[in-house]
Amino acid sequence: MTDPISDMLTRIRNAVRARHPRVEIPHSNMKLAIASILKAEGYVAGVASVEKGKFKSIRVTLRYDDEGTPILSGIQMVSKPGRRIYAGSGEIPPVMGGLGVSIVSTPKGVLSGRDARKAGVGGEIVCNVW
């Protein structure tokens, strides 16, 4: 697999479109940090680290409103293996006019775009969520 982060986002996107209650993703610390940001921003209901035998995975519980419409309507990879996108703290673009959130990998860890601007750090823009 050349891009595990993109695989994670695709699994989440496909599970939301198929209206699944949860999705399991192979574990890595970066994926866990991204999933935790999605939970903190309110796009997913829960994130848990699960161990099956000697393999670890991340269980992401998806969130829907009362009518069954998913809260997470879009998730898009920005930085790709062939083209990395970096931005300074003042250059992190707003997503959907401020309605979405960008996830940034910074020297202080993986942060939401809003938190990275507040901390005054830039980094690699991993993905946008709305």
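The values are calculated or read from the model by the stated rules, or taken from the named source; none is laboratory data. All of these numbers come straight from a predicted model, not from anything done at the bench. Note that each Cβ is placed from the backbone with ideal geometry, even for glycine, and that neighbours are counted across all protein chains shown. The accessibility values were calculated without ligands, DNA or RNA, using every heavy atom of the protein model including side chains. Shrake-Rupley method; radii C 1.70, N 1.55, O 1.52, S 1.80 Å.
Quick notes on this one:
- Share of carbon and sulfur in the accessible heavy-atom surface of the chain [1.4 Å probe, %]: 50 percent
- Heavy-atom accessible surface of the chain, averaged per residue, reaches 56 Å², computed with a 1.4 Å probe.
- In the complete set of protein chains, residue-level accessible area for E24 is approximately 60 Å², probe 1.4 angstrom.
- Size of charge dipole - the chain - debye, nearest 20, with Cβ of Lys, Arg +1 and Asp, Glu -1, no other charges: 320 debye
- Descending by average beta-carbon neighbour count within 10 Å, the peptides 84-93, 7-16 line up as 7-16, 84-93, the highest first.
- For region 47-113: relative contact order, % (alpha-carbon pairs under 8 angstrom, 6 or more apart): 13 percent
- Calculated mean residue ellipticity, 222 nm, the chain: -7500 deg cm²/dmol, from DSSP H runs (n ≥ 4) at -39500 (n - 2.57) each, averaged per residue and rounded to 500.
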